[in-house]
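Worksheet: one structure, shown below.
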Amino acid sequence: MTAVVEAGALSAAAERLRRLLSRTPLESSVEVKDLDLPTLEVGPESWLALAKWLRDEPECRYDLLLDLAGVDNLRRRGRETRFESVAHLLSLTRNEHLRVKVLVPDAEDPVLPSAAGIWPAADWYEREAFDLFGLRFTGHPNLKRILCHDAFVGHPLRKDYAPGQRWMFTDADMEWPEWTKQTDERAGHFETQTISIGPAHPATHGIVHLIARLDGERIVRAETKIGYLHRCFEKMSETHTWNQVIPFTDRLNYISAMINGIAYVRTVESMLGVEIPERGRLVRTILSEFNRIMDHCVDIGANLVDIGALTSFWYYYQPREQIYDLIEACCGARLTVSYVRVGGLAIDVPEDFDARCRRLLETIPPFLDDMERLINNNRIARNRLQGTGVMTREQAIAWGITGPMLRSCGVPYDVRRSRPYDFYDRFDWDVPIATDGDNFSRYLVRMEEMRQSLKIIRQALDILPDKGAVSSDDWHVVLPPKDAVYHDMESLIYHFKLVMEGIRVPAGERYEWVEGANGELGFYAISTGGGGPYRLKVRPPCFPNMAAFEKIILGGTISDAIATLGTLNVIAGELDR
Amino acid sequence: MSGVIDVGARVPRKLTLLQRLYYPEIVRGLRVTIGHLLRNLANGRRLPTIQYPEQRRNYSGRFRGRHILKTREDGTFKCVACYMCQQACPAECITIVAGEHPRVAYEKYPVVFDIDMLRCVFCGFCVDACPKDAIWMTRDHEMAFFSRQDAIFSLDRLREKPEDSAKAGYGYRPYYPGDGTTPPTDAARMPVLPGSGERDRLRETRVPLPGRVAGPGPLNAPSTANRAVNPSRP
C-alpha cells in the first residue's frame, strides 16, 4: 500500500521542516506534526510570517496554494480551538505537499490574517471559509460571501447551524461590487459602461455571473459571482455515510464524473488502509482516462462553439457518445455513474470490456485527426485563440492553477507523474506542455493529452488481468457477495452493519489528490471514527481557474473573455459544489 | 514513465501565406466536413444520433431505471420491510412502514413502500442493500409526471408486472458472479468466502469455527425450517 511507503518518506520531510524552522524565530510558535502529510500548526499571530517564510525560503518554496478550508471542531474531541483554517500547499520545485493549520482561538469571533497578499489564490478560498464558517480574514481585499447568496444569514458549515432554514433571495438583495456604484470620471462617456453577462448566458456553460466595466471594447475591471449551483455537497456529506457520498461526487464535475468518485474513494481507502486488487485499479485507471478524454472533448468542443465553430462540437461529441456507451455498459448510467465503491468497484466490468475499449482506441484517433485538420491552421480559430487569455507561468502559480492550464504555461506538473498513483509509473506516456500560456496553448495541450490518455489506456488494457476480483474482500469495507448474504448469517451481519452504520473509518484526517480532468482534484477528509465524514472538503480544480478569470480577461475584449472562459474548463457543479 | 513534450513548439506560431489567404483553408476544411457527410450518407448506421421516439437506445442489462419490487410465486412481495434500502438511500427517497404478515413464515411485509421518483438519484444503492433480492431496477427511464404527487410510486406501481421484463427489460440487479446479471442457481452457488480478518484471526487462535449455516432453501419457497414459531402469534 502506498500509505506505508509514504509514511516513511514523509517523516523525513517533516523532520526536515522542523530542522529548517529551528533556524528561524518562528520555531517557538510553530508546531510540526506528522500526519499523512507534514503538518504545521500555528496561531493566527504567526501565520503571515510563516506563510511568507514557506513561500520564500529557498529550501521550501511552497509557491502554490492548493486549498484553504475552514474546519469547525465543535463536535470533535482533542482539538484545542473550535475553528481552524487548514491550508494545503505545494512546492513545485521540491514536489512536496504540506498542510498548515491556523488554530483560531476565539470561538465567538474567529479572526485571522488573510494570506491573499502572499498567495493571491487565497482570495477566493478565504471568501469561501468566511462564507461557510464565518472565519474573518483581516486585510482581505474583498471579504464577502461566495457560495451562499447575499441574503443568507449564518454560516452553514458550522456544526451548530440548523440545516433546515430557508433564506429568501430577491433582486433587491443582490450586492453589486462597490466599483460598479462609483462613477467613473468619464461616466457620461457613452463608451464606458458596466455590463453584466450571465448568470444564465449560453457562453457561461453553467451559471456564472460576470460583471465587467468596459472602456470601449476593452474590459478594464471585472468581477465574477459564483454559487448559483451550490448544492451543499460538503454539508450533506457530513450527514451521510462514507459510501453514500459517492453518488454526490458524480455531480461535482459531471463531465468526467468518475474521476471524482475515484479521488474520493482513494481518500477513504487510504484512511482505511484497504488494498484494492490490481484488476480493480486498472479498470479505474482505464475509465478515468476515458473520462479525461470526454472532458477535454466537451471543453474544446464547447469552447469552439462559443467562438463560432459548430461542426467541431458535433465531431467532438461522437467519441464522447461512444465512451458513454462503454460506461453505461459497465455501471448502468451514462453520466451519474456511481460506479466506484470504497474498496473497489460496484460490479465487475462486462465480459466484452476489453474488446469495447480496444474498439474505442481505434475510433477515437480519426476524430482527433479531423479536429486538428479543422482547427490547427484555421485562421479564425488562430485569431480568436492565439494571444488571448494569456497568463504567465508566475501568474498561474500565484493564482493556484493546476492541470492543463498550468501545463500550457510551461510547468510540467501532472499528479500522475509527480506522485504516480495506481499504475501510472508503469506506463510510457508524456506530459504535454506548451509555453505561451494563451488559449491556443491550452487547446494544444488538451488535444495532446487525449492522445496520451489513449496511449495509457492501451498499455493498461495490455496488463489488465482477464479474471479476478475488482474489489477488496475485506467485508468490513465492501459488501459481501449477494449469494453469501442470502444464505450465510455471518455475511448477512457484515452486510447489515455496512448498510446501516457505514464503514468505520479510523479517526484522523487525510488529503488525497489525483489528476482530475482540469487539474489537481483533492479531497480533504476528517473522520472521527463514525460511519460518515466529519468534514469533507473538495479541492475543485476549476475553482482557482475561475478565480483567475477576472484577472486574465483584463485588457481584452468581451469576445476574448468568452473564448477564455471556454478554455478555463469551468464546470459549475464542481465550482459551486 | 517517459518525458515531457512541448506541443506548443510543434505547431508553428505563424501561419503561412497560403493559410492566411483563408480560401484554400476553407476548401481543406470542407474536405473534412464533406467527407463526413458522404461517409454518413453511405452508411447511416455509423451515425451516433438516433431518431428518438421511433428509435430507442439499447441499454445494457445494468441500466439503472425505474424500480420494481419482486414478488414470490404466490404474489406476495419478497420485501420483508427491513428498512435496509431506506437506510442506504443517499437521497432519502424511500419510505417504508412495516406490518406483521398474517403468514408466520413471512413475518413482516411492507404496508407502505413509497419511492419518490423526483428525489431518487438512481444510484442503485437500494438494490445493493437489499438482503432479500426484493428490489430490482428496470431499463425504463421515461417517466414524466403531471404533479409531484404522481411521482411518488407506491406498492401497486412498484409491483413487478409481466410487461416490465418484456417491454423495458430488467436493469440493475444484485451483483452476481459471472456477467453480473444472471442469478445463480443453487448448484452454482459461490463458496462462502470469509471476510478478510475475522475468520482468519479465529482460525489462527484455533477457535472452532462454526460450519456453514444451512440456508432457508430456495428463496421463493416459504420456509419454516430453521425458524422457531413464536407461540404468542396467531
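The values are calculated or read from the model by the stated rules, or taken from the named source; none is laboratory data. Model, not experiment: these values are computed from the prediction. Cβ: placed from backbone, ideal geometry, glycine included. Neighbour counts: every protein chain shown.
The table below gives the values:
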item: Residue tally, condition crowded, with 21+ Cβ neighbours inside 10 Å and either more than 10 Å from chain B (Cβ to nearest Cβ) or not in a loop (DSSP other than H, G, I, E, B) (or both), over segment A:465-485; result: 5
item: Hey, B:PRO53 modelled with pLDDT under 80, over 15 Å from the mean Cα position of the chain (by Cα) and in a loop (DSSP other than H, G, I, E, B) or not; result: no
item: Number of positions in segment B:51-68 that are more than 10 Å from chain A (Cβ to nearest Cβ) and surrounded by fewer than 21 Cβ atoms within 10 Å (Cβ to Cβ); result: 6
item: Test for B:MET84: is it within 14 Å of chain A (Cβ to nearest Cβ), out of contact with any strand residue (DSSP E or B) (no Cβ under 9 Å at 6 or more places or on another chain) and among the aliphatic types (A, V, I, L, M); result: yes
item: Condition broken by A:ILE401, with the remaining ones in (1) within 12 Å of chain B (Cβ to nearest Cβ); (2) of a type in the set (A, V, I, L, M); (3) in a loop (DSSP other than H, G, I, E, B) satisfied; result: (1)
item: Subset of segment A:486-504 (residues that are part of a loop (DSSP other than H, G, I, E, B) and more than 9 Å from chain B (Cβ to nearest Cβ)); result: A:GLY502, A:ILE503, A:ARG504
item: Among (1) assigned to a helix (DSSP H, G or I); (2) crowded, with 23+ Cβ neighbours inside 10 Å; (3) out of contact with any Leu (no Cβ under 7 Å at 6 or more places or on another chain); (4) not β-branched (Val, Ile, Thr), the one test that A:ALA302 misses; result: (2)
item: Segment B:114-135 residues that are within 10 Å of chain A (Cβ to nearest Cβ), paired with ones that are part of a loop (DSSP other than H, G, I, E, B) and among the polar types (S, T, N, Q) (beta carbon under 9 Å, 6 or more apart); result: B:VAL121/A:THR336; B:VAL121/A:SER338; B:PHE122/A:THR336; B:PHE122/A:SER338; B:CYS123/A:THR336; B:CYS123/A:SER338; B:GLY124/A:SER338; B:PHE125/A:SER338
item: Selected residue (criterion: surrounded by the most Cβ atoms within 10 Å (Cβ to Cβ)) from residues of segment A:190-236 that are basic (Lys, Arg) and more than 24 Å from the chain's Cα centre (by Cα); result: A:ARG213
item: Hits in segment A:263-279 (condition: among the small types (Gly, Ala, Ser) and closer than 30 Å to A:MET447 by Cβ); result: A:ALA263
item: The listed residue being within 30 Å of A:MET258 (Cα to Cα), modelled with pLDDT of 90 or more and not aliphatic (A, V, I, L, M), out of B:CYS130, B:CYS126; result: B:CYS126
item: Sole residue being closer than 30 Å to A:PRO420 by Cα, of a type in the set (Val, Ile, Thr) and within 8 Å of chain A (Cβ to nearest Cβ), chosen from B:VAL4, B:VAL32; result: B:VAL4
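Let's see how each residue does on (1) touching a residue at least 60 places away in the same chain (Cβ under 8 Å); (2) surrounded by 22 or more Cβ atoms within 10 Å (Cβ to Cβ):
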position	(1), (2)
A:ASP34	no, no
A:LEU48	yes, no
A:ARG61	no, no
A:VAL71	yes, yes
A:HIS97	yes, yes
A:VAL104	yes, yes
